[in-house]
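Report on the following structure.
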Amino acid sequence: MQNVDFKKATQVFEKLKTNRPKTKQQLKNYIKIFLNLNVPDKKICPQHASPMDYLWHSFAIDFEHVVSLSNQNQKQKPKNGDAIVWANRGGGKTQLAAVATLLDCIFKPNCQTRILGGSGEQSQRMYDYLLGFLNNGFEKFADGAIRKNKCQFKNASAVEVLTQSPTSVRGQHIQKLRCDEIELFEKEVFAAAAFTTQSTKNITAAMEIISTMHRPYGLMQKQIALAEKNNTPVFKWCIWETIEKCVGRNCSQCPLWSDCGGKAKNADGYLKIDDCITAMRRASRISWESEMLCKRPNLENVVFDQFDPEKHVKNIDYNPNRPLYRTLDFGFVNPFVCLWLQVGEDGTVYVIDEYLRSRATIDSHANEMKKRTPISEEKITATFCDPAGAGKNDVTGTSSVRELRALGIITHYRKSSIAAGIELVRRAILGADGKSRLVISNKCPRLIEALICYHYAEDVAADAAEVPLKDGVYDHPLDALRYFFVNYNSCKKAKTRYY
């Protein structure tokens, strides 16, 4: 048996820690060898990513020879390194973010990273993962004492935990900010955090948002909705990208089969199948779909929980064989809303277009409405509106209804309670017979978002529990839709005001 020079082997091993991985596979191997973590790298569900995809994007964004995952077809370096991670409970989000932080500090000199969690406990959890890596083989990279909330590296990189307060966040000028569980963030803190990152000559500024999606009206949902517009890559994975490979089980007898459908046979993760089965049995269906399948957020507090974009949103346009309606919600600081709708012979309501605009006069809205309406004014079946629009304005001395009439747009309205109008919309979304009679055009993104996110206020008095939150964002498109159903279902009682 040959003698082994353990001292030399140890020196070689330690030196390899300083070799920067050049490819995604090299990075995966580096993490497996030096951190003892086997990061899943298989995309199982359509449109999903793997956990390794996120790590590679986060790491490679700062090196000129690399083209990031979200910019495969672009030759130029991306302008920023922002990313959103939407993943399941137990999906390794926090631990992977700690890995990304360690890699930044080792291979990117002068990289300033801050950890900001939705709570102090959440922030500390990510930092504790980082300390675990440092204290198990990466001690030589640290510079000086490792403190409970910050540490320095010999290459002038540093990590610090921030508290969930505007004061802690403001004044930071850093390169990497990792926001963990933003569903728990205070809005003011998140708004302040958006201004903290700055690029340097060699390091690209990045704000990483990491969370499950608990609520359809929370910060995470809003950031997902803005991702495409902001060119921010979304790395989404669920239980099937993180579960262990299924071997030797009888699919027909497995409780996971209805969701799995054989996906676990191709998996390459670490979550134990038996643990997942136990978690499923403990949870409600809504929580399971939200927390583990990442299908959509928990809908317990949502007004229209039966609305499903996959069922109710279609590519539709104006049909000359159907009557055309418009419905309005007045506003100035809050948006003025106009929806164009048609009704089929079977009673199905089709919303074919939307118009929302703030801080504009009635004549501007009227011109835009006429421009977008595919037929002349006299051929429109009816234009319904908010009854409040008939009230006299103290400044102008007139009303919105009267101004529109002077511009050739006659409106109808009928008073109704909010709860009654909501019930009419619910019946259209899903009737007692199990059929839907509401179709929304994909040209109506604001209405679609409102239908998903319109919700009841939390911790309200019992007598106000049935009144949705007036948040100034989602309520206005839904108010316009509600006015249509209230008036359409009571056409004989609808009022026409003449001035």
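Which of F141, F133, F63 has the fewest other C-beta atoms within 10 Å, and how do the rest follow up to the most? Walk me through the numbers on the way to the answer.
On the way: F141 19, F133 22, F63 16.
Starting with the residue having the fewest Cβ neighbours, the order is F63, F141, F133.
Averaging sequence separations of C-alpha pairs under 8 Å and six or more residues apart, then dividing by the length of the chain, give the relative contact order as a whole percent. Working shown, then result.
On the way: 864 pairs, mean separation 62.1, N = 499.
Result for the chain is 12 percent.
Between the stretch 277-316 and the stretch 358-372, how many Å separate their Cα centres?
When both Cα centres are located, 37 Å separates them.
From the phi angles alone, apply the Karplus equation (6.51, -1.76, 1.60; θ = phi - 60°) to the stretch 433-450 and give each ³J(HN,Hα) in whole Hz, x where the residue is Gly or Pro.
7, x, 9, 9, 10, 9, 10, 10, 5, 5, 8, 10, x, 6, 5, 4, 4, 5
Would you mind calculating the relative contact order of the stretch 264-339 from Cα pairs under 8 angstrom and at least 6 residues apart, reporting the percent as a whole number?
12
P(r) for the stretch 241-291, please, calculated from all Cα pair distances in 10 Å bins and given in %.
In whole percents, the pair-distance histogram is 24, 61, 15.
Is it possible to state the helix-based mean residue ellipticity at 222 nm for the chain, with each DSSP H run of 4+ residues giving -39500 (n - 2.57), the sum divided by total residues, to the nearest 500 deg cm²/dmol? What is it?
-9500 deg cm²/dmol
Fewest first, what order do E186, E291, E403 take by the number of other Cβ atoms within 10 Å?
Ascending Cβ contact count within 10 Å gives the list E186, E403, E291.
Could you check the spin-label model distance between N231 and R357? Points 7 Å from the Cα along Cα→Cβ, value in nm.
2.8
Just how many % of Cα pairs in the stretch 6-237 lie over 21 Å apart, if you round to the nearest whole percent? Each step should come with its number before you reach the end.
Details: 14566 of 26796 pairs.
It works out to 54 percent of all Cα pairs.
Under a 5 Å amide H to amide H cut-off, with H placed in plane at 1.01 Å, what residues pair with H455 once short-range neighbours are removed?
V303, L469
So, with +1 on the Cβ of K and R and -1 on the Cβ of D and E, and no other charges, what is the size of the charge dipole of the chain about its Cα centre, to the nearest 20 debye?
That gives a dipole near 1040 debye.
Shape call for the stretch 287-403 from the C-alpha gyration tensor, a ≥ b ≥ c root eigenvalues: rounded (a/c under 1.5), prolate (a/b greater than b/c) or oblate?
oblate
Test of understanding: ordering S165, S287 by Cβ neighbours within 10 Å, fewest first, what list do you get?
Ordered from fewest to most neighbouring Cβ atoms within 10 Å, S165, S287 come out as S165, S287.
Please compute the Kirkwood hydrodynamic radius over the stretch 309-496, one decimal place, Å, based on all pairs of different Cα atoms.
It is 17.0 Å.
Every number here is computed from the coordinates shown, using simple stated rules; none is lab data. Please read these numbers as outputs of a predicted model, since none were measured by experiment. Virtual Cβ from ideal backbone geometry, glycine too; neighbours counted across all protein chains shown.
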